[in-house]
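**Student:** Below you will find the structure I want to go over with you.
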Amino acid sequence: MSEADTETEHPRLPPLPQTHRNALSLLDERYQRDSPGLFAEMRRRHGPVVPVLMAWDVPAWLVVGYSELLQVTSDPDLFARSFRRWNLGEHLPPEWPMWPLVGGGFATESMLYTEGEEHRRRSAVLSDGFARIDQWEFEEFCRRASLRLIEEFAQEGEAELILAYAQRLPVLALGWAVGAPEKYHDDLVTGFLQLMGAVEGDPNEGMRKVQAVTDELADRAMREPGPHIAAHLAHSGLGLTREQLSADIFVSIIAGHQTSANWIGNTIRLMLTDQTHTNALTRGRRSVTDAARDVLKDDSPTQIFAGRWAVRTTQLAGTTIQSGDLVLLGLAATHQDPLFRPPGQERHHSRAYLSFSHGPHGCPHTARTLAEIITVTGIETLLTHLPDLHLAVPADQLRWQPQVLIRALESLPVRFTPPVTSADPLGDSLWL
């Protein structure tokens, strides 16, 4: 899109700064087709800090350097979290399609966009809520939920695993942890997909759909104490308003849902297409956990995270970032940095990956553990009960969703031999 088109279609936007006149758009089809290749090109052309354009040619800076991303995420006094600092915020109308992903809508009130002491207090309470979840009980619930979903398609001999399994399992698991009854799960999945741009429709409408659910959950949590995270937030002494509580419930679910759903899909794809994993698993030398952690390094479900805003004009790796500029975290791109992945090492086993971000605003460590439990338990259960699972189409026909922040498959069609017995022959007994 040219500058003239931008001014005609979106007259409220100021002209592009000189630094972004020839910047690459994150809506470029090359980004959807081959984001690793595009990240490598960006690094060659610009170094660790890259000028990019978002929807409506809105400019931002994408950090693709490993040490530079650590610098940005470790210094909230210079690269702050509140989108209210954005020097373009007042120019973007509510219908801008990426608002739900950078702080617009009701998520404005969430802990995610707070700073300083307020962020420390609210994030500590949320982390404590995740830490209170018994991990064995959570894993057992994930296994039971996985079995329920598998039974829905096991006798068909084929399935599309993204919508039938990968997108649904995290909602069941996180819904249990947060306190969302199952009647809300379908609305949450469709709302998440819509606001992330994974399906047709207005992302802002997807946000409103999710808000309707989280508002009800907030009302319920404020009325009724309980063991789940929503009630813990409501009765923690923070004095959250209903709007703040609803927004924090939203963040608690969507952050884990999108990460886990696409982590599941990307890991299953790897295990069905990469000879290293299929052979090693057959010999019992590599686990699902190994494959899942390889995905975090090589095919991270969170490609880019938005974002941080410069508190004052500063230099980052020799690039001038103006006060109020938006800085995007290139989480996946940093894993290609030679500092993280030394040249010539195709298989690199460092666990210092940044898929969960870093610093005081990174994903809580307890939440990361739960995301891995969802992912690994879901895949192990699937492969146990459908051991001859295989792709129903050639691997090169798999397509990625047209999203900016998330790397997710549009579909994952598979075939398998229907199991002879029930997926759960022992029934509901927990005594094994």
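**Student:** Ranked highest first by average number of other Cβ atoms within 10 Å, how do 376-384, 153-161 line up?
**Tutor:** Descending packing order for the listed peptides: 376-384, 153-161.
**Student:** Just from its helices, what would the mean residue ellipticity at 222 nm be for the chain, if runs of 4 or more DSSP H residues each count -39500 (n - 2.57) and the sum is divided by every residue, rounded to the nearest 500 deg cm²/dmol?
**Tutor:** -14500 deg cm²/dmol
**Student:** Among Ser110, Ser260, Ser355, which one moves the most in a GNM of the chain with springs linking Cα atoms closer than 10 Å?
**Tutor:** Its mean-square fluctuation being the largest, the pick is Ser110.
**Student:** Which shape class, rounded, prolate or oblate, goes with the range 30-128 when its Cα gyration tensor gives a ≥ b ≥ c as root eigenvalues, a/c under 1.5 marks rounded, and past that a/b bigger than b/c marks prolate?
**Tutor:** Oblate shape, in that a/c is at least 1.5 and b/c is the bigger or equal ratio.
**Student:** Over the Cα atoms of the range 144-256, what Rg and Dmax result, in angstrom?
**Tutor:** According to the Cα coordinates of the range 144-256, Rg and Dmax are 15.2, 51 Å.
**Student:** A further question follows. When the accessible area of the chain is split by element with a 1.4 Å probe, what percent falls to carbon and sulfur?
**Tutor:** About 51 percent, which is the carbon plus sulfur part of the accessible surface.
**Student:** Here's something else I'd like to know. Packing-wise, with mean Cβ within 10 Å as the measure, how do 357-370, 207-220 rank, highest first?
**Tutor:** 207-220, 357-370
**Student:** Of the listed peptides 231-241, 174-184, what is their order by residue-averaged count of other C-beta atoms within 10 Å, with the highest listed first?
**Tutor:** Result, highest mean first: 174-184, 231-241.
**Student:** Separate question: If you count only protein heavy atoms with a 1.4 Å probe, what accessible area per residue comes out for the range 1-146, rounded to a whole Å²?
**Tutor:** Result: 45 Å² per residue.
**Student:** Of the labelled options (1) 65, 63, 54; (2) 65, 55, 38; (3) 63, 46, 43, which one gives Cα extents along the principal axes in Å as computed for this structure?
**Tutor:** Given (1) 65, 63, 54; (2) 65, 55, 38; (3) 63, 46, 43, the calculated one carries the label (2).
The values are calculated or read from the model by the stated rules, or taken from the named source; none is laboratory data. On a predicted model such as this, the values are computed, not experimentally measured, just so you know. Cβ: placed from backbone, ideal geometry, glycine included. Neighbour counts: every protein chain shown. We work out accessible area using only protein heavy atoms, side chains counted, and drop any ligands, DNA or RNA first. Shrake-Rupley method; radii C 1.70, N 1.55, O 1.52, S 1.80 Å.
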